[in-house]
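J.: Quick one: structure below, then a few questions.
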Amino acid sequence: MMQKVWKEAAILLVIAGGIWYFFAQVDIFPDEDALQISIEHEEVLAEKLNEVFERTFEPVEDSTALQALDVVVDRLMANMEPTDYNYHIHLVENTDVNAFATLGGNIYVFSGLMKFAETPEELAAVLAHEIGHCEERHVVNKMATELGMTILLSIMGGDASLAQELYGSIVANVFSRNQEAEADQFSFDLMERSGLSPTAMATFFRRINRELGSPDEKLEFLMTHPHNNSRIRAAIEFELPDDFEARSFDIDWERAVEGL
Amino acid sequence: MSEYQLIPQPEEIPIREREDAMGSYMMMFAAVGAGLPFPFLNLVASLIYYYINKAKGQFVKFHLVQSLLSQIPVTLINSVAVVWGVSLFISSTPVSSAFKGYLVMALILNIAYFIFSIVAAIRARRGEFYYFPVFGRIAFHQVFKEVESEDVYVGPINQPPA
């Protein structure tokens, strides 16, 4: 009798495990992202948006800063998995500590952020996070949700005033908690592949908390952004392989940001 | 000699016992609604029902044990789903495909469990046995196994006055 019990239990376990495995492989609840705008359409939209951003922001012309940025970007790009995007990182004049991804792989970095970063690794952490938003298609999905496809199609058709409407939404850089966590996870993986420790993200956020103030941690539950402290924890807790060796950038950072 | 005691046939089982046996499955339905966010509630309700009714004969006890035992893995699976889901939410971790797969597995098992319970409740009301995979055998073994008495007969205790 008990032998049959074990046999039946084993069959049930195999069935349950099989169902679990099967449905973990077949994503039957795709993230909202799936309705989607094609990469080609996204690039058309990106062009319209870039026109707005070019009118709004002055590009940084300091060649030392631009060269340093290129070194950081090149390291990340060399370690990216194949991507649909052709990334353009724009360094623009603005004293705010901010960076945001727009469409079609365009990422805007404020000179204030580059200056606030104390090491190139910290800048790499922020860039990797923004690349994560692009790769996960958060920006384009957010727009599709907020504005609807009709408006996006009008912008593609050349309605410049609508492109201006998108500007505020993009610079505000607000994503859901899940999306922020996804972008963080992406950035930790990319940093690891690039020989950079994700702790740079933790250092950066700690300084933001210290110098720019951090909202009350208890409010995090109500906020869309995971609080900086959660992100610091996630960066510190990210498990690096035993044989991981950090390769620091060969950049004189103080000199690089001097002219900003 | 058989390892197990004789099984009562439907005509030997009074209506009252049939209803109590059916109740062990209905208890689960009543409690599961309230217990969904706290999956252990239905297990607690079933435990109470078990202790109240376990002395009402082997037929009732079999269904009580089967219902109770089969709820343990379902409760554990649902608890894991709740704890996993809440921890993902609190830590803002993206929902993984492993979690989505687990939810579907839990849903399918719960549906299967509901169907088995409904069938068992109907059969119990008719005075019949219905064996769940695994738990049917364990419950049967628990309730109907022959117990060899260790008492040694020492003669009648009450005697006429000497």
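Listed here are the residues, each with its yes/no results for (1) buried (at least 18 other Cβ atoms within 10 Å of the Cβ); (2) more than 21 Å from the chain's Cα centre (by Cα); (3) within 14 Å of chain B (Cβ to nearest Cβ).
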site: A:1; (1), (2), (3): no, yes, yes
site: A:17; (1), (2), (3): no, yes, yes
site: A:58; (1), (2), (3): no, yes, no
site: A:64; (1), (2), (3): no, yes, no
site: A:68; (1), (2), (3): yes, no, no
site: A:71; (1), (2), (3): no, no, no
site: A:75; (1), (2), (3): yes, no, no
site: A:98; (1), (2), (3): no, no, no
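J.: Would you say residue B:55 is of a type in the set (A, V, I, L, M) and either within 25 Å of residue A:9 (Cα to Cα) or in contact (Cβ under 8 Å) with a residue 12 or more places away in the chain (or both)?
T.: no
J.: Given the options A:146, A:118, A:165, name the one that is at pLDDT 85 or above and charged (D, E, K, R).
T.: Selected residue: A:118, the only one of A:146, A:118, A:165 that is at pLDDT 85 or above and charged (D, E, K, R).
J.: Checking residue A:195 against (1) within 14 Å of another protein chain (Cβ to nearest Cβ); (2) at positive phi, which single condition isn't satisfied?
T.: (1)
J.: A further question on this structure: Quick check: anything in the range B:132-142 more than 10 Å from every other protein chain (Cβ to nearest Cβ) and small (Gly, Ala, Ser)?
T.: Yes, the conditions are met somewhere in the range B:132-142.
J.: Another question about this same structure. Does the range B:84-96 include one or more residues that are surrounded by fewer than 19 Cβ atoms within 10 Å (Cβ to Cβ), on the phi > 0 side of the Ramachandran plot and among the small types (Gly, Ala, Ser)?
T.: The answer is no, given that none of the residues of the range B:84-96 is surrounded by fewer than 19 Cβ atoms within 10 Å (Cβ to Cβ), on the phi > 0 side of the Ramachandran plot and among the small types (Gly, Ala, Ser).
J.: Which condition number in (1) at pLDDT below 90; (2) farther than 30 Å from residue A:233 by Cα is the one that residue B:86 fails?
T.: Checking residue B:86 against (1) at pLDDT below 90; (2) farther than 30 Å from residue A:233 by Cα, the one that fails is (2).
J.: Out of the range B:81-119, which residues are within 11 Å of chain A (Cβ to nearest Cβ) and of a type in the set (Val, Ile, Thr)?
T.: Result: B:90, B:93, B:95, B:104, B:108.
J.: Could you list, in sequence order, all residues of the range B:119-134 that are open to solvent by 40 Å² or more (accessible area, probe 1.4 Å) and under 13 Å from the mean Cα position of the chain (by Cα)?
T.: Once the filter is applied, which keeps residues that are open to solvent by 40 Å² or more (accessible area, probe 1.4 Å) and under 13 Å from the mean Cα position of the chain (by Cα), the range B:119-134 yields B:130, B:131, B:133.
J.: Additional query: Checking residue A:125 against (1) surrounded by fewer than 24 Cβ atoms within 10 Å (Cβ to Cβ); (2) at pLDDT 90 or above, only one condition comes out false. Which one?
T.: (1)
The values are calculated or read from the model by the stated rules, or taken from the named source; none is laboratory data. Note that the structure is predicted; figures quoted are calculated from it, not measured. Counting neighbours? That spans all protein chains shown, and the Cβs are built from the backbone with ideal geometry, glycine included. These area figures cover heavy atoms from the full protein model, side chains too; ligands, DNA and RNA do not enter into them. Shrake-Rupley method; radii C 1.70, N 1.55, O 1.52, S 1.80 Å.
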